[in-house]
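Structure record follows, encoded as structure tokens.
Please treat every number below as a calculation from the coordinates, not as lab data. This one's a predicted model, so the numbers in the text were calculated from it and none came from an experiment. Please note: Cβ atoms are built from the backbone with ideal geometry, for glycine as well, and neighbour counts cover all protein chains shown.
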There are 2 protein chains.
Amino acid sequence: MVNISDVARAAGVSKATVSYVLSNDPRITEQTANKVRKAVKELGYTVNHAARALSANETKTFGIVSPAYHSNYLSGLFGLHVYLMSECAAQYGYDTLFIGNDDGAEAMLKAWNSRKVDGFILMDVRDDDPRMRIAAKMNMPTVVFGSPKDSFGLDVVDSDFVKESENIIDFLESENHAEITLVLWSKQIFKRRLGFALRFYDSIMAIADRHGLVVHAVSPDDDNADPTQIIEQALDAYPQSTAMVIYNEPATIVGPRTFAQLDIRVPDDLRVVTVFPKQLVTTMKIPFAAVQTDVGQLAKASMQLLMSRVANRDAPKAEVLFDFPLVIEP
Amino acid sequence: MVNISDVARAAGVSKATVSYVLSNDPRITEQTANKVRKAVKELGYTVNHAARALSANETKTFGIVSPAYHSNYLSGLFGLHVYLMSECAAQYGYDTLFIGNDDGAEAMLKAWNSRKVDGFILMDVRDDDPRMRIAAKMNMPTVVFGSPKDSFGLDVVDSDFVKESENIIDFLESENHAEITLVLWSKQIFKRRLGFALRFYDSIMAIADRHGLVVHAVSPDDDNADPTQIIEQALDAYPQSTAMVIYNEPATIVGPRTFAQLDIRVPDDLRVVTVFPKQLVTTMKIPFAAVQTDVGQLAKASMQLLMSRVANRDAPKAEVLFDFPLVIEP
DNA sequence: CTGAAAGCGCTTACAG
DNA sequence: CTGAAAGCGCTTACAG
């Protein structure tokens, strides 16, 4: 494999000069630089990553650490997240290391200690997440994708659940719904204290209460419960509700079929509002009013935050919350 | 950050000895090894990845290179694949680098030339895929996840489309269906020559023909076509068909709702067979007969192949094809 | 404006 | 059974 010495020899300069050219050091003459670039091209040279990382003490790689499974359930969103983050990272010249199938905290610590990455994105964060503790303690550049109660001083990106809830409740009120049913993520997810589930619940309950709406919250016992049954049970239990808010991925996917089978026309017989990634609303043709989460924007923002953080470890912590629109006509 | 010299000093041995202990070299006494291990633990030492990689010339990292988007459509399977492969890799002490958002071939070449990975898994391979050409030409340890017509001498893992097709056709014949409709992946995907789409089509058509079944194949023009409409059009165009085989992810997801809306009872009014990942059949409660692809097995097999290939670049090429069962009662 | 040289933190023949 | 030393391929003060 061709190395920097080969290039230096071919271009008739020193290794140092080659290195400077590669990092666009302005001290090198355009003429010299061109000789070097030509040699690089001709020899098909690529910097050895390990050597560069060892010497420069940076890897140009970030770790995306995800528990991935919400208990047994793998979200369709997951792949989208990985893909989009990686795409953003590439624009900054960063590669993406996928970390943590089981114990994310441990895998993260190992990646950090071995200096395999420059920073982390934490997916599916829960309150009191050990990954956050470790990141904070070791001062690892880290952005938290999610809404933990305490972010341990780490940078945070997420949807603005308060605004989302307000939008939903305002809309339902404008349609004069007085009693609504909430189909939420499973109890397993609540028990694991996943931020998105907790924050959404807290905020929508608070706001509905303030507006004097009657809310019936329903949450399946576990993730693998049949989502169709969840919906049916919710309908049976609260027939007086005129609207249903679904914040549960499988239930959203299965919802259209379930209502069709029960001969419930949406929105005429029942107004249904969901919270779902914009990208999947389209793909899966979800025919509900939906707060369309834009995963692309979230990915972009978290990458930007991470880059800033890597550049300046001591910058004040940032928090970016997105107010995604409630789209009535899908 | 604590390094190997710190450990050597603390344990009262040389750096070489520490390194040998870390790689479980049998030449080191148990006694010495224990001293070293104690020091490692006390100091919280982790091998510096870049240094190790540079010196040993192996990264213990593989690249999973995926175009990810089948044109505009991101498969729900994608995340599952990434997750499961990464999980398998971890068992071999390998990390997973996610590669290639746009030009996979170029990104792959760069990762290889910079020696950032030891090998690759190629996702969503198409006939004549430039990634395969490059992998073969540069002799990169690579396993192809998919069924290209020509695998360029690379290792291959996939479903056995011939057997799948036989199972489906045998089953339909046993139920006395004489005329069936095939809902396939989009024309975009066929145009891009994705192996799974082409191979499935070829094999099921051949086998149906051999059995004297009449087959009507339908394929949406593009990936973002409304899958509901595809199904409706297929039903309209071929009302005489008594069975429908769906090999198209969005159509499978949307299928149950579509049939419900049209008041078509499955399987009484229409037998429906799909090909779908076992894991998602469960999650999405797909109520169809299904060839349940086990992504876990595929991931495991490809990882094993890759490990063998890394260990022996000159071993004869391997091909592992899985005959996944057709499950009638979901 | 360019180069000689030290150093990053490991591994691995080789010697003893 | 263990250690001294070379070497992996870069980057980066420093000198000129």
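Holding the Cα-Cα limit at 27 Å, pick out from A:K137/B:K41; A:K110/A:K317; A:K300/B:K278 the pairs that are longer than that. Those over the limit are A:K300/B:K278. Summarising the label geometry, the points placed 7 Å from Cα in the beta-carbon direction at A:T282 and A:D127 lie 3.6 nm from one another.
With label points defined 7 Å past Cα in the direction of Cβ, position B:D222 shows copy-to-copy spacings of 4.4 nm, given to one decimal and shortest first. For the residue pairs A:K60/B:K60; A:K60/B:K116; B:K15/B:K35; A:K116/B:K38; A:K60/A:K116, the C-alpha atoms sit more than 19 angstrom apart in A:K116/B:K38. Charge tally around B:I204: other residues with Cβ under 12 Å, Lys/Arg +1 each, Asp/Glu -1 each, net -2. Fewest-first ordering of A:Y83, B:Y201 by other beta carbons within 10 Å of each residue's beta carbon gives B:Y201, A:Y83. Electrostatic bookkeeping for A:I253 treats Lys and Arg as +1 and Asp and Glu as -1; over the other residues with beta carbon under 10 Å from its beta carbon, the sum is +2. The simple Förster model, with R0 at 41 Å and r as the Cβ-Cβ distance, assigns B:K41 and A:S55 a FRET efficiency of 0.90.
In terms of surrounding Cβ atoms within a 10 Å radius of their Cβ, A:T228, B:T252, A:T142 rank from fewest to most as A:T228, B:T252, A:T142.
Ordered by the count of other Cβ atoms within 10 Å of each Cβ, fewest first, B:H216, B:H177 give B:H216, B:H177.
Summing charges over neighbours of A:G12, with a neighbour being any other residue whose Cβ is under 15 Å away from its Cβ, gives +3 when K and R count +1 and D and E count -1.
Long hydrophobic helices in chain A, taken as whole DSSP H segments with a C-alpha length of 20 Å or more on their own axis and mean Kyte-Doolittle hydropathy at least 0.5: A:77-91, A:295-311. Here each label is just a point 7 Å from Cα along the line to Cβ, and for B:D209 and B:Q297 those points are 2.9 nm apart. Estimated from the Cβ-Cβ distance and a Förster radius of 35 angstrom, the FRET efficiency linking B:A311 and B:R193 is about 0.65.
Take B:A16, move 7 Å from Cα toward the beta carbon, and the resulting point lies 3.3 nm from the same point in each other copy, nearest first.
Between copies, the label points at B:V2 (set 7 angstrom from Cα along Cα-to-Cβ) are spaced 4.3 nm, reported in nanometres from shortest to longest. Mean per-residue shielding of peptide A:90-96 is 3, counting Cβ atoms of other chains within 10 Å of each Cβ.
Among the trypsin sites (Lys or Arg not before Pro) found in the stretch B:227-330, those both in a DSSP coil and sparsely packed, with 12 or fewer other Cβ atoms within 10 Å of their Cβ, are B:R265, B:R313.
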